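Visitor: What follows is a single structure, and I will ask about it in a moment.
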Amino acid sequence: MPVRVQTEDFDAGREIAALRAGDARVGAVASFIGIVRDVNDGDRVSDLFLEHYPGMTERELEKICAEARTRWDVYETLVVHRVGAMRPTDQIVLVAVTGTHRGEAFAACEFIMDYLKTRAPFWKREDTPQGSRWVEARTTDDEAAARWVDPQEPPSR
């Protein structure tokens with residue numbers, strides 16, 4: 001269950017190939033790549049800066065991946081998340097999941113991404129023509145993560 005937080009860009013093809021290398025059980029790989037947009041909330045974005053809490057961020061990502069592996073029949077998970085300065089079109093995050101079948105892999109990948117957006121300690125600052133601003137949490141991200149909550153379990157926040 002590899003998890004990496006880094007400033008360097010990543011090669012998604014290479015990362016996915018390494019994740020599934022030599023595992024003949026794998027019949028599906030689901031992945032998601034997040035990319036810096038040039039517009040957010042109607043404003044032009046020239047630069048994005050992501051901060052994190054070293055150690056805590058990796059532990060939270062590992063916890064999210066472990067939970068995905070208990071909920072779905074998948075083999076491996078991978079999260080590579082960048083921090084530091086980025087520009088529009090730069091890659092921010094890669095989430096990849098291997099499994100026997102696509103349905104389980106897709107669900108686990110989507111779950112990891114939804115929980116990453118709402119539970120991992122990252123902070124985004126955008127530079128716009130109006131100045132720099134910190135990006136607030138989105139209700140749409142909370143709503144996406146809420147669909148995975150088991151009604152029998154109390155929320156983990």
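Values quoted throughout were computed directly from the atomic coordinates according to the rules given, and no laboratory measurement underlies them. All values derive from a computational prediction rather than experimental measurement. In this analysis, Cβ positions are derived from the backbone assuming ideal geometry, glycine residues included, and neighbour counts consider all displayed protein chains.
Visitor: Please list 3J(HN,Hα) in residue order for region 57-63, calculated via the Karplus relation 6.51 cos²θ - 1.76 cosθ + 1.60 where θ = phi - 60°; whole Hz, with x for glycine and proline.
Guide: 4, 4, 4, 5, 5, 4, 5
Visitor: Under 19 Å from a point placed 7 Å out from the Cα of Arg87 along the Cα-to-Cβ direction: which residues of region 109-132 have their backbone N that close?
Guide: Residues 125-132 qualify, since their backbone N sits under 19 Å from the label point.
Visitor: Rounded to two decimal places and with Rh computed the Kirkwood way over Cα pairs, what is Rg over Rh for region 1-53?
Guide: Details: Rg = 15.6 Å, Rh = 14.4 Å.
Rg/Rh for region 1-53 comes to 1.09.
Visitor: Grab the DSSP H runs of the chain that are 4 residues or longer, score each as -39,500 (n - 2.57), total them, divide by all residues and round the 222 nm result to the nearest 500 deg cm²/dmol.
Guide: -10000 deg cm²/dmol
Visitor: How large is the dipole of region 3-145 about the Cα centre if only Lys and Arg carry +1 and Asp and Glu carry -1, each at its Cβ, rounded to the nearest 20 debye?
Guide: Numbers: 19 positive and 26 negative charges, 49 e Å.
Approximately 240 debye in magnitude.
Visitor: Residue-wise, which Karplus ³J(HN,Hα) couplings in Hz belong to region 66-76, taking 6.51 cos²θ - 1.76 cosθ + 1.60, θ = phi - 60°, and x for glycine or proline?
Guide: Residue by residue, region 66-76 yields 4, 5, 4, 5, 7, 7, 10, 7, 10, 9, 10 Hz.
Visitor: Next up: What are the GluC sites (Glu not before Pro) within region 54-157 that DSSP puts in a loop, where the Cβ has at most 15 other Cβ atoms within 10 Å?
Guide: Here the sparse-neighbourhood loop sites are Glu136.
Visitor: For a test of the definition: using alpha carbon positions, the gyration tensor, and the 1.5 limit on a/c, classify region 48-91 as rounded, prolate or oblate.
Guide: oblate
Visitor: Name the residues whose placed amide hydrogens come within less than 5 Å of the amide hydrogen of Asp90, ignoring near sequence neighbours (fewer than 5 apart) on the same chain.
Guide: Excluding prolines and chain starts, which carry no amide H, the hits are Val36.
Visitor: Right, something else. So what is the relative contact order for the chain, in percent, with contacts set as C-alpha pairs under 8 Å and at least six apart?
Guide: Once normalised by length, the contact order is 31 percent.
Visitor: Between Ile33 and Arg125, what length comes free when the chain is fully extended (0.36 nm per residue of separation minus the Cα-Cα distance, one decimal in nm)? Present the calculation step by step, with values, prior to reporting the outcome.
Guide: On the way: separation 92, 0.36 × 92 = 33.12 nm, distance 1.96 nm.
Taking 0.36 nm per residue and subtracting the Cα distance, the gain is 31.2 nm.
Visitor: Averaged over every viewing direction, what's the projected area of the C-alpha convex hull for region 18-77? Give it in nm², one decimal, please. Can you show the working numbers first?
Guide: Numbers: hull surface 26.2 nm².
Answer in nm², one decimal: 6.6.
Visitor: Another question about this same structure. What is the antiparallel percent of DSSP beta bridges lying wholly in region 41-157, to the nearest 5?
Guide: Percentage antiparallel, nearest 5: 100.
Visitor: If you don't mind, another one. Do me a favour and compute the ellipsoid semi-axes for the chain from its Cα gyration tensor, root of five times each eigenvalue, largest one first, whole Å.
Guide: Listed largest to smallest, the semi-axes of the chain are 27, 19, 13 Å.
Visitor: Between Ala12 and Trp134, what is the spin-label point distance in nm, taking each point 7 Å from the Cα along the Cα→C-beta axis?
Guide: 3.0
Visitor: Another question about this same structure. Could you put Tyr115, Tyr53 in order, starting from the residue whose Cβ has the fewest other Cβ atoms within 10 Å?
Guide: Tyr53, Tyr115
Visitor: Still on this model: Among Ser132, Ser31, what is the fewest-to-most ranking by other Cβ atoms within 10 Å? Please report the intermediate quantities before stating the final value.
Guide: Working: Ser132 10, Ser31 18.
Placing the least packed residue first, the sequence is Ser132, Ser31.
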